Amino acid sequence: MPLTRRSLLTGAAALTLSGRARAASDVEVAVVGAGAAGLAAAAAIRRTGHSVVVLEARPRIGGRAFTDAALGPDAAFDAGPQYIHWAERNPWKPIALADGVRRTDDEAGPWPLVFLDGAPASDADRLRRRTGFARLSAALDHPAAADRSIRDAAGPDDPAMLTAAQGLARLSLGEEPERVSAADYDQLWSGDDIWVDGYGALVTRHYAGLPVRTGMPVSRIDWSGPGVALDTPGGTLRAALAIVTVPVGVLAAEGLRFAPALPAETAGAIEGLRMGAYTKVGLALDPDRLAGTDLRDAIIVRSGRPGLTANLEMRPFGRPVAVLHAGGDGARALCEAGEDAAVAAAADEVAAIFGAKARAALRGGRLAAWWTDPYARGSYSIAKPGRLSARAALHRPVAGRLFFAGEAAAGGGAMTVGGATLDGQRAARAALAALGA
Ligand SMILES: Cc1cc2nc3c(=O)[nH]c(=O)nc-3n(C[C@H](O)[C@H](O)[C@H](O)COP(=O)(O)OP(=O)(O)OC[C@H]3O[C@@H](n4cnc5c(N)ncnc54)[C@H](O)[C@@H]3O)c2cc1C
């Protein structure tokens, strides 16, 4: 574009505005949310010497990356992420190696038990299940021209494929297959997985020492002026610009409001995404009471509880704990029922598989209720069928002073810690460019 007198004037005005915004600010960059994205953004900005403050609603950092030790240090389990996905290019692989955290990429181990309607699956059931997954995988490998749902990709007539679609969507994406874009699923990165003993704790350790104000939920961002003003219980913080990393579920529920309202493109992006409900229930075990029991992992294809598809992880890293993983509407029901009911439901599943002896060995539990958590509003983002472009649209800066980042905006890295981290770093680069740094 040629430089006209008009564009020079506009440019000069923009520079003056940014200068004014900085002069009137408490800090150059305000980051909202101290999850992987916000922490990565803040670390990148701090390295350049620019001033940055992270405002975090919870009393801790890490966001959805959280190792829950409330059942005791030995029985700690990751209430959120536990795998470093697509490890070949994930920034967390070298961090984990340098940290020395316990981890495994060893797939070997006993085959999991498979349960259907409260009973072990027959050989015929297992074969049907494998065939269903193979056919579904082939259907998903040939995306249709239209951006359809995973349920539609499975077709109307094949019950085995439908069960596979439910298993995949609920336990990988946390959502029912009819609500998930198959094309968005297709663009997610894949590769090796490394299982970490305490991914949440690793994130917290790695980012210790950043300027974070915890217990500071931001209720409103006013971006009508030259900079931004963020309302918190501790008062209003003024910054030249803001990087917003709260989950899209929080944005959709207006857990954080904007004045003026967000432009149509950003609002449309938020509307095109939704949060899945992947959920875990941790149960502390007394190993002495389980001597001689073959406590291998189990896949609960269909439990007696309506809509519940689950994985049961027994004694991860040898810890005295069982962790039930569930997703989709069955998981939403667990969150809505509350911790006592969810723990009782998980205990029922353990007892259905390992018997009364296992139930007697249970010592309390914890529900990671991401779906009902006001600062998460779900597990991670999925794109609705037909809304493949939503993640990219969320990237676009608003008025040069609002930058959205996080797993939802992470393209092929969506739904992961690695993706959130890379996206936080991307937003930091964009914000620094806007500051003229
Ligand atoms: C059960 C479960 C299992 C998962 N498994 C894996 C896995 O194995 N591997 C993997 O890579 N990923 C996994 N994920 C996804 C991963 O946890 C997320 O993709 C990643 O942690 C998101 O980081 P983020 O910074 O985008 O968001 P968050 O971590 O959610 O950070 C956003 C922060 O904003 C804060 N916040 C919210 N509202 C406000 C407000 N109004 N004001 C101030 N702060 C606010 C929140 O408290 C939070 O700290 C899993 C997630 C869940 C829930």
Every residue from the stretch 133-152 that is surrounded by 21 or more Cβ atoms within 10 Å (Cβ to Cβ) and of a type in the set (Ser, Thr, Tyr): 149
Index of the failed condition, residue 296 passing every other in (1) out of contact with any Leu (no Cβ under 8 Å at 6 or more places or on another chain); (2) surrounded by fewer than 18 Cβ atoms within 10 Å (Cβ to Cβ): (1)
Residues of the stretch 148-179 satisfying the condition of being of a type in the set (Asp, Glu) and out of contact with any strand residue (DSSP E or B) (no Cβ under 7 Å at 6 or more places or on another chain): 152, 157, 158, 176
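When you scan the stretch 200-208, do you find a residue that is basic (Lys, Arg), under 20 Å from residue 56 (Cβ atoms), at pLDDT 95 or above and over 22 Å from the mean Cα position of the chain (by Cα), even just one?
To start, the set of residues in the stretch 200-208 that are basic (Lys, Arg) comprises 205.
Going one step further and asking which of them are under 20 Å from residue 56 (Cβ atoms), we end up with 205.
Right, trim to at pLDDT 95 or above and you get 205.
Still in the running and over 22 Å from the mean Cα position of the chain (by Cα): none.
No, the stretch 200-208 has no match at all.
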Count of the stretch 123-147 residues which are assigned to a loop (DSSP other than H, G, I, E, B) and touching a strand residue (DSSP E or B) at 6+ places or on another chain (Cβ under 8 Å): 1
Residues (over 19 Å from the mean Cα position of the chain (by Cα), within 20 Å of residue 310 (Cβ to Cβ) and surrounded by fewer than 21 Cβ atoms within 10 Å (Cβ to Cβ)) located in the stretch 153-185: 159, 160, 162, 178
Residue that is over 18 Å from residue 215 (Cβ atoms), modelled with pLDDT of 95 or more and within 8 Å of the ligand (Cβ to nearest atom), where the choices are 65, 57: 65
Members of the stretch 213-227 that are touching an Asp or Glu at 6+ places or on another chain (Cβ under 7 Å) and surrounded by 20 or more Cβ atoms within 10 Å (Cβ to Cβ): 216, 218
Among residues of the stretch 403-429, those that are out of contact with any Asp or Glu (no Cβ under 9 Å at 6 or more places or on another chain) and either acidic (Asp, Glu) or more than 14 Å from the ligand (Cβ to nearest atom) (or both), counted: 1
Selection count, the stretch 71-91, where residues are over 13 Å from residue 201 (Cβ atoms) and not β-branched (Val, Ile, Thr): 12
Cβ-Cβ under 7 Å pairs, at least 6 apart or on other chains, the stretch 40-61 side in contact (Cβ under 8 Å) with a residue 40 or more places away in the chain and surrounded by fewer than 17 Cβ atoms within 10 Å (Cβ to Cβ), far side of a type in the set (S, T, N, Q) and assigned to a loop (DSSP other than H, G, I, E, B): 59/214; 60/214
Residues located in the stretch 370-387, provided they are of a type in the set (D, E, K, R) and more than 13 Å from the ligand (Cβ to nearest atom): 384, 387
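Table: residues versus (1) modelled with pLDDT of 95 or more; (2) of a type in the set (A, V, I, L, M).
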site: 137; (1), (2): no, no
site: 141; (1), (2): no, no
site: 154; (1), (2): no, yes
site: 165; (1), (2): yes, yes
site: 179; (1), (2): yes, no
site: 194; (1), (2): yes, yes
Matching option when the condition is modelled with pLDDT of 95 or more and either outside any loop (DSSP other than H, G, I, E, B) or within 12 Å of the ligand (Cβ to nearest atom) (or both), among 70, 98: 98
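Could you check the stretch 267-291 and list, in sequence order, the residues that are within 16 Å of the ligand (Cβ to nearest atom) and either within 19 Å of residue 382 (Cβ to Cβ) or assigned by TED's automatic domain parsing to the domain that holds residue 416 (or both)? Quick ask: steps written out before the conclusion?
We begin by selecting, within the stretch 267-291, every residue within 16 Å of the ligand (Cβ to nearest atom); these are 269-270, 273-283.
Listed by number, the residues that qualify are 269, 270, 273, 274, 275, 276, 277, 278, 279, 280.
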Filter pass, residue 365 being within 16 Å of the ligand (Cβ to nearest atom) and either assigned by TED's automatic domain parsing to the domain that holds residue 167 or farther than 28 Å from residue 187 by Cα (or both): yes
Residue satisfying all of: in the stretch 223-237; in contact with a Leu (Cβ under 8 Å, 6 or more places away or on another chain) and in contact (Cβ under 8 Å) with a residue 24 or more places away in the chain; farthest from the ligand (Cβ to nearest atom) among these: 226
Answer residue from the stretch 186-212, given it is of a type in the set (Ser, Thr, Tyr) and within 30 Å of residue 312 (Cβ to Cβ) and is surrounded by the most Cβ atoms within 10 Å (Cβ to Cβ) among those: 199
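Out of 390, 356, which single residue is modelled with pLDDT of 95 or more, more than 9 Å from the ligand (Cβ to nearest atom), over 25 Å from residue 79 (Cβ atoms) and not charged (D, E, K, R)?
Just one listed residue meets the conditions, 390.
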Positions within the stretch 336-388 being outside any loop (DSSP other than H, G, I, E, B) and more than 30 Å from residue 289 (Cα to Cα), in sequence order: 336, 370, 371, 372, 381, 382, 383
Filtered residues of the stretch 333-367 (kept if more than 14 Å from residue 322 (Cβ to Cβ) and touching a strand residue (DSSP E or B) at 6+ places or on another chain (Cβ under 7 Å)): 334, 335, 339
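The values are calculated or read from the model by the stated rules, or taken from the named source; none is laboratory data. If you're wondering where the values come from, they're calculated on a predicted model, not measured in any experiment. Glycine also receives a Cβ, built like all others from the backbone with ideal geometry; neighbour counts cover every protein chain displayed.
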